[in-house]
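Peer 1: Next up is a structure, given as structure tokens.
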Amino acid sequence: VTDVIDRVSFMDFEPAAASFRDDVLAGLSHPIRRIPCKYLYDATGAALFERICELPEYYPTRTELGMLRRYGEEIATLAGPEAQVVEFGTGDGRKSRLLLNALDRPASYVSIDISRDQLIREAAALALDMPQVEITAVCGDYTQQTLSLPTIGRRRIGFFPGSTIGNLTPVAATAFLARCAHLLPGGAMLVGVDIPKDISVVEAAYNDSAGVTAAFSLNLLARINRELGGTFDLSGFRHYAYFNEDQSKIEIFLISQREQRAAVAGRFFHFRAGERIHIEDSYKLSPATFQNMARAAGFEPTKVWVDPEGLFSLHWLSA
Ligand code: AVI
């Protein structure tokens, strides 16, 4: 532990920050242009994502919040008393509060995130609301780094809500879960997973009528302009999201609306009309598919809850 800020213990594993430029240049040079979706979340992107979560078409957030309320008691029984909750990624803290409030005298909460400012802000807010819980903020990249965590509490419970697991390829998701299993010996993990459903419902969630998701996608080009000396004309690109049925995933692209060039960090890139930049996948996994993935990662899936409308699932995995 390197520091204590506002009652929050802060551990900094100093995740590599220099990679945005390298990843964008490599991704735009690739024959199939692509930029990793983690770069969607600068401060503007994180604020836009919070607005997405409130949209009428975007069912995952409110469904999962409802499920945490509805199944809180059962979750508390499975977790046992005085647990240590370890959340991978911070979000806006609403789900962590619901979970901690449902549990029986949770001993501690560890939040792991790559973005230092949001991590500390949310952890400090949580510490104010829940003085009885020991709070640790860990700045690190849980997809890349091996993190050693403090042990406070009887049993470690991992928490990965929001179907963020669906933004990883199945291979990367399995590798991530295997890393988690390693961090949670004798513990368990609660994972939120979006499930396949009527295509029109899924596609509407990623093509909202207010255009917030489009703004979220286009902010990636704005971020490149701001941080990497980019010259993208945002009006020359369009957000496009569709459901790929064969692979059971939403695919999101930015499509060039005309022939154009843009500079990034002093290098020029040429785009044909209709050319795409792939910016995100969002897999939708049935309970059985996800349970198989969890088993391959070394977990024993012990319980799955699905909401009454069949939109979303919450999985309890024993490590
Ligand atoms: C963060 N993640 C689970 C969101 C999703 O649904 O895949 C990201 C998102 N992209 C556009 N809308 C939401």
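Peer 1: For residues in the stretch 27-62 being assigned to a helix (DSSP H, G or I) and away from the ligand (no atom under 12 Å from the Cβ), which is farthest from residue 278 (Cα to Cα)?
Peer 2: The extreme case among them is 62.
For every residue, the table says whether it meets (1) closer than 30 Å to residue 252 by Cα; (2) in contact (Cβ under 8 Å) with a residue 40 or more places away in the chain; (3) hydrophobic (A, V, I, L, M, F, W, C).
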{"residue": "129", "(1), (2), (3)": "no, no, no"}
{"residue": "134", "(1), (2), (3)": "no, yes, no"}
{"residue": "145", "(1), (2), (3)": "yes, yes, no"}
{"residue": "155", "(1), (2), (3)": "no, yes, no"}
{"residue": "162", "(1), (2), (3)": "yes, yes, no"}
{"residue": "178", "(1), (2), (3)": "yes, yes, yes"}
{"residue": "184", "(1), (2), (3)": "no, yes, yes"}
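Peer 1: Can you pull out every residue in the stretch 142-173 that is away from the ligand (no atom under 16 Å from the Cβ) and within 15 Å of the chain's Cα centre (by Cα)?
Peer 2: 144, 158, listed by residue number.
Peer 1: Name the one entry in 261, 295, 223, 276 that is farther than 30 Å from residue 186 by Cβ and without any contact (Cβ under 8 Å) to a residue 60 or more places away in the chain.
Peer 2: Numbers: 295 fails: farther than 30 Å from residue 186 by Cβ; 223 fails: without any contact (Cβ under 8 Å) to a residue 60 or more places away in the chain; 276 fails: without any contact (Cβ under 8 Å) to a residue 60 or more places away in the chain.
It is 261.
Peer 1: Take the conditions among the polar types (S, T, N, Q), more than 13 Å from the ligand (Cβ to nearest atom), modelled with pLDDT of 95 or more and within 21 Å of residue 31 (Cβ to Cβ) and apply them to residue 225. Does it pass?
Peer 2: When the stated conditions are applied, residue 225 does not pass them.
Peer 1: Got a sec? Which of 235, 200 is within 19 Å of residue 57 (Cβ to Cβ), exposed (fewer than 15 other Cβ atoms within 10 Å of the Cβ) and away from the ligand (no atom under 15 Å from the Cβ)?
Peer 2: 200
Peer 1: Please tell me if residue 92 is away from the ligand (no atom under 16 Å from the Cβ) and either under 17 Å from the mean Cα position of the chain (by Cα) or surrounded by fewer than 20 Cβ atoms within 10 Å (Cβ to Cβ) (or both).
Peer 2: No; evaluated as a whole, the condition is false for this residue.
The values are calculated or read from the model by the stated rules, or taken from the named source; none is laboratory data. Quick caveat: nothing in here was measured; it's all calculated off a predicted structure. Using ideal geometry, Cβ is built from the backbone for each residue, glycine included, and neighbour counts are taken over all protein chains shown.
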